[in-house]
């Protein structure tokens, strides 16, 4: 599975930092700088790519065959976002 | 004018966005009742962004010997680590009498400072960028119009601060 391009990862990088700044949120603990943050974004994107097969295998039938890859990705976005919103 | 004396004071309300890659106008909420809204200009960490302070006039009592110091007053809501710096750059474009078209490429020559963030969230740091008199400040002399361009050099080796760096004010004084 392809990963995001460098340009797309940069957009996430910039968006996350701007959002954190708007919240007035300090995220510089533990030796963090903006490049360490970028490394984390790259690793998370790569992890998603690496685990594509396992993720798909965990989806039960008939959804595994019946949903498109785009639908599966959309559902994943909704689930992850909601878990973030309710602080799981 | 004596060394150390004020020449020009600027706030975000004096700023004008360039045609591209502009920093973002914003406010920082204060803590009083009712809360203040501190105007600021947010410079991203992931892309170099610019802001202009055009149509300035160098005060007539600028001595023209020791140059100027541009003091950037800024906050970093997401950052307090002194090893995570912000790289501020500034340059002047001289518009002297009957000599320079506003439409030319200014070919800005920047001076900069690698600035430590304030030690606590939402505090304000003061950091200086110096210009020697003459070509270093595009030869601006007393009574002449000029543009001051400021940008954050996001991919400078020293720029590692996480998140926006928020410009709150600029003080130009005689060095």
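What follows is calculated from the coordinates using simple rules that are stated; it is not laboratory data. Keep in mind it's a predicted model, so treat the numbers as computed, not measured. Here Cβ is always computed from backbone atoms with ideal geometry, including for glycine, and neighbour counts include all displayed protein chains.
If a residue has to be exposed (fewer than 13 other Cβ atoms within 10 Å of the Cβ), in a loop (DSSP other than H, G, I, E, B) and within 14 Å of chain A (Cβ to nearest Cβ) to count, how many in segment B:1-54 make the cut?
Residues that pass the stated criteria total 3.
Need at least 3 residues that are over 30 Å from residue B:116 (Cβ atoms) per element, so show me which helices (runs of 4 or more DSSP H) inside chain A make the cut, counting only ones lying wholly within it.
Helices (runs of 4 or more DSSP H) meeting the threshold: A:34-50, A:52-57, A:63-66, A:69-85.
Just checking, does segment B:107-122 include any residue being in contact with a strand residue (DSSP E or B) (Cβ under 6 Å, 6 or more places away or on another chain), away from chain A (no Cβ under 14 Å), in contact (Cβ under 8 Å) with a residue 60 or more places away in the chain and within 21 Å of residue B:21 (Cβ to Cβ)?
There is no residue in segment B:107-122 that is in contact with a strand residue (DSSP E or B) (Cβ under 6 Å, 6 or more places away or on another chain), away from chain A (no Cβ under 14 Å), in contact (Cβ under 8 Å) with a residue 60 or more places away in the chain and within 21 Å of residue B:21 (Cβ to Cβ).
Identify all residues within segment A:1-26 that are under 21 Å from residue B:75 (Cβ atoms) and surrounded by fewer than 18 Cβ atoms within 10 Å (Cβ to Cβ); write none if there are none.
Scanning segment A:1-26 gives A:15, A:19, A:22, A:23, A:24, A:25.
Take the residues in segment B:55-77 that are part of a strand (DSSP E or B) and within 14 Å of chain A (Cβ to nearest Cβ), then tell me which one is nearest to residue B:150 (Cα to Cα).
By that ranking, first place goes to B:74.
Which of (1) buried (at least 19 other Cβ atoms within 10 Å of the Cβ); (2) farther than 30 Å from residue B:133 by Cα; (3) touching a strand residue (DSSP E or B) at 6+ places or on another chain (Cβ under 8 Å) is the odd one out, the single condition residue B:80 does not satisfy?
(3)
Give just the number: which of (1) within 14 Å of chain B (Cβ to nearest Cβ); (2) exposed (fewer than 10 other Cβ atoms within 10 Å of the Cβ) does residue A:53 not satisfy?
(1) is the only condition that residue A:53 fails.
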